[in-house]
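Let me begin by presenting the structure, written as structure tokens, before commenting on it.
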Amino acid sequence: MIKKMTISSIQKAKGKTPLVMITAYDALFASLFESSCDMILVGDSLNMSFAGKSDTLSATMEQMLYHTKAVCNGAKNSFIICDMPFGTYTNKSDALMNSIKVFQQTEADCVKIEGGTEKADIVKHLTSNGIAVCGHIGLLPQSVRSEGGYKVKGKTNAECLSLIADARAIEDAGAFCLVIEGVKADVAEEVASSVDIPVIGIGSGANVDGQVLVFSDMLGLFEEFTPKFVKKYVDGAKIVREAVDKYADEVKSKEFPQEIHTY
Ligand code: KIV
């Protein structure tokens, strides 16, 4: 029996055991990740790797609710995070209304919101209304168009100070943990040691409180591009292609199905 993480056990892990987070978008993969990972993120990255779009911006609330329900069905013993899509938390009342949908329509344990100091009042509004929040600072995929690309953060002293201020503002607003993405490793380490909540890194080096990867990247299934920080643990695309090629060949040659596959 897998013991489900709680906000309290996640927070207690800081400085002790690195936390393992992975994305999932459906019940099948979520069920495979459950025994190894502490937290499953239903990331809006599904808009790229699942829906085939070039960025996350067009992901909708309906999509996130659908996929979060599926992940919750497949991983009943996992701590599940639902990413709030672009445009659904631009003000306090929209943020609360949409987060309530997540809590009422799915079994997710918290929502994730991109942004630092500028989003602190929204995080505060959610946490003071019973919504658990995971923050997300550094490189913000939902800002890709306004920033003109995916830009690594923490390259200057000013950026370092601003990231520390972001992390503190999100912590003070009541977030129980935060994701830090695309930040220089030494700066991410400094950010992690500036707050008491766990800081989970993606492309932000080893000296933070845990790591998150997009599952289709680390399983080698997403071939469009591979960021430098991704480690491919298996060449999933090659394995799948070879298996499906073999299936197609066997159907054509009538090698499949055989007696054992027949009623
Ligand atoms: O959407 C997502 O998968 C994420 C991760 C990159 C952290 O936000």
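The values are calculated or read from the model by the stated rules, or taken from the named source; none is laboratory data. This one's a predicted model, so the numbers in the text were calculated from it and none came from an experiment. Glycine also receives a Cβ, built like all others from the backbone with ideal geometry; neighbour counts cover every protein chain displayed.
Couple of notes before you dig in:
- Test: T68 is buried (at least 22 other Cβ atoms within 10 Å of the Cβ) and either modelled with pLDDT of 95 or more or under 25 Å from G182 (Cβ atoms) (or both): yes
- Elements of type helices (runs of 4 or more DSSP H) in the range 136-210, at least 3 residues being assigned by TED's automatic domain parsing to the domain that holds A120, among the aliphatic types (A, V, I, L, M) and crowded, with 18+ Cβ neighbours inside 10 Å: 157-172, 185-194
- Hey, P227 modelled with pLDDT of 95 or more and not acidic (D, E) or not: no
- From K231, K238, K254, residue being within 15 Å of the ligand (Cβ to nearest atom) and either assigned to a helix (DSSP H, G or I) or free of Cβ contacts under 8 Å to residues at least 60 places away in the same chain (or both): K231
- Considering F50, F86, F33, F79, the condition of being away from the ligand (no atom under 14 Å from the Cβ), in the same structural domain as V187 (by TED's automatic domain parsing) and not β-branched (V, I, T) is satisfied by F79 alone.
- Options T106, T56, T127; residue that is in contact with a Phe, Trp or Tyr (Cβ under 7 Å, 6 or more places away or on another chain) and modelled with pLDDT of 95 or more: T56
- Against the list (1) among the hydroxyl-bearing types (S, T, Y); (2) touching a Gly at 6+ places or on another chain (Cβ under 9 Å); (3) loosely packed, with under 11 Cβ neighbours inside 10 Å, the condition S253 fails is (2).
- Filtered residues of the range 1-21 (kept if of a type in the set (A, V, I, L, M, F, W, C) and either modelled with pLDDT of 95 or more or crowded, with 17+ Cβ neighbours inside 10 Å (or both)): M5, I7, I10, A13, L19, V20, M21
- Checking every residue in the range 124-135 against the condition of being free of Cβ contacts under 8 Å to residues at least 40 places away in the same chain and surrounded by fewer than 15 Cβ atoms within 10 Å (Cβ to Cβ) gives at least one match.
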